[in-house]
Amino acid sequence: MEELTATHFLLLSAALFIIGMMGVLTRRNVIVIFMSVELMINAVNVALIGFAWEQNSMVGQSFALFVIAVAAAESIVGLGIIMALQRRIDTIDVADVRQLRE
Amino acid sequence: MSTEVLVFDILAIIAVIAALGVVLARNPVHSAVSLIITFINLAAIFVMLHAEFLAAVQLLVYTGAVTVLIVFVIFLVRVDDLPEFYGGNPVQRIFALLIGLALLGEVAAAILTRSAIGASDIWTADAIADAGGNVQVLGQILYTDYVLAIQITAVVLLVGTIAALVLARPESSTLPGRVKRTGLISLAHPRGADRGIAPALPAGLEATRRGETPGVRFDDRGVVLVDNAEDFTETTAWGGDVLEGED
């Protein structure tokens with residue numbers, strides 16, 4: 001690969017997304033799961049901007065901006081839920097969170 | 001190999017290693033630091049993709065706001081009572097590595113065999129330079145084609161802020177039926193005080209009983225009265241067990 005193509009960016013995006021996904025699936029700490037979700041969102045942004053760059057388009061960049069805005073709102077609510085979890089059941093271990101199951 | 005590819009490779013390798021650090025670090029603070037490194041590298045990659053405004057937004061929103069919020073939440077919760085803080089599950093990690101590599105292989109095969117379809121859009125580097133730059137073009141598109149979407153995004157952010165306020169409120173003010181412990185509290189004999197007859201205090205307690213503890217009074221039945229909730233303790237004033245009545 002002599003030239004920089006969108007394939008480079010897509011491979012980076014796939015690697016980051018799968019790392020984040022494995023973090024969500026294997027970790028038990030809610031905060032680390034939350035950080036892994038942020039990692040996956042950023043991987044999607046890399047793919048969007050890479051495609052936009054390949055197609056000489058600005059639509060992908062607009063969508064990435066919306067993704068960042070929604071991710072900011074999601075992070076606010078997610079961290080609020082972590083605080084409520086700590087206060088209500090005194091743990092941030094997802095294995096101990098069973099309120100909806102019982 | 002051109003300089004561009006070399007710079008991209010360095011940035012991508014550092015980003016992936018830091019992403020692995022996010023997932024593998026035992027201490028959540030180390031995960032947060034790795035996350036900051038990943039975000040900064042991705043911002044540099046956005047600059048390489050001619051998305052300068054998004055690179056700035058990435059630094060402001062993610063590295064500046066989200067990661068700092070995460071670190072604040074790490075301050076506020078107890079992270080060291082999880083079993084994985086003292087070492088993860090090795091079998092689970094090996095399985096995760098294998099499944100992740102398999103998935104990465106599948107996706108990489110799909111990426112490497114793809115071909116670009118669709119006509120190229122008009123925004124080449126020269127066209128963007130003619131229109132004034134990345135920010136101007138992005139703003140023009142956002143406020144013409146996506147004007148409704150950007151207003152809905154504003155509503156989403158407002159609702160998120162309200163949700164955070166509701167979630168972070170103390171639970172005692174949101175849960176109905178929970179009584180706050182204020183006012184006069186009897187801790188020497190919590191059940192017998194209203195029956196008129198209370199057992200005598202243990203022998204040798206008279207000195208303690210007449211002691212001058214500010215805010216704490218003893219009445220004739222051996223009932224300890226406190227003036228406010230801050231003086232309430234679970235242990236009795238004489239350090240012994242709570243007196244039990246005849247019942």
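Summary table below
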read-out	value
Among the residues listed as B:Val71, B:Val156, B:Val79, the single one being of a type in the set (A, V, I, L, M), more than 8 Å from every other protein chain (Cβ to nearest Cβ) and within 26 Å of A:Ile31 (Cα to Cα)	B:Val71
Within the stretch B:3-83, helices (runs of 4 or more DSSP H) holding 2 or more residues that are under 30 Å from B:Gly132 (Cα atoms)	B:3-24, B:28-48, B:52-57
Selection within the stretch A:42-58 - touching an Asp or Glu at 6+ places or on another chain (Cβ under 9 Å) and surrounded by fewer than 23 Cβ atoms within 10 Å (Cβ to Cβ)	A:Gln55, A:Asn56, A:Ser57
Candidate set from the stretch B:110-155 (those that are at pLDDT 90 or above and aromatic (Phe, Trp, Tyr)); member that is surrounded by the fewest Cβ atoms within 10 Å (Cβ to Cβ)	B:Tyr143
Odd one out for B:Glu106 among (1) closer than 30 Å to A:Ala84 by Cα; (2) surrounded by 11 or more Cβ atoms within 10 Å (Cβ to Cβ); (3) more than 7 Å from chain A (Cβ to nearest Cβ)	(1)
In the stretch A:47-64, the residues that are at the interface with chain B (Cβ under 7 Å from one of its Cβ atoms), touching a residue at least 12 places away in the same chain (Cβ under 8 Å) and over 24 Å from A:Glu3 (Cα atoms)	A:Ala64
Filter result (within 9 Å of chain A (Cβ to nearest Cβ) and part of a helix (DSSP H, G or I)) within the stretch B:111-126	B:Ile111, B:Leu112, B:Ala125
Matching residues, the stretch A:28-46, being more than 7 Å from chain B (Cβ to nearest Cβ) and either closer than 18 Å to B:Leu59 by Cα or not in a helix (DSSP H, G or I) (or both)	A:Val37, A:Met40, A:Ile41, A:Ala43, A:Val44, A:Asn45
B:Ala129 more than 8 Å from chain A (Cβ to nearest Cβ), among the small types (Gly, Ala, Ser) and over 20 Å from A:His8 (Cβ atoms)	yes
Search result, residues across the stretch B:2-28 that are more than 8 Å from chain A (Cβ to nearest Cβ) and exposed (fewer than 15 other Cβ atoms within 10 Å of the Cβ)	B:Thr3, B:Leu6, B:Val7, B:Ile10, B:Ile13, B:Ile17, B:Asn27
Qualifying position, being within 14 Å of A:Leu79 (Cα to Cα), at pLDDT 90 or above and aliphatic (A, V, I, L, M), among B:Val57, B:Val47, B:Val66, B:Val61	B:Val66
Single residue of A:Val94, A:Val70 found to be of a type in the set (A, V, I, L, M), surrounded by fewer than 17 Cβ atoms within 10 Å (Cβ to Cβ) and at pLDDT 90 or above	A:Val70
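The values are calculated or read from the model by the stated rules, or taken from the named source; none is laboratory data. Since the model is a prediction, treat every value here as computed from it, not as a measurement. All Cβ positions, even for glycine, are placed from backbone atoms using ideal geometry, and neighbour counts span all protein chains on display.
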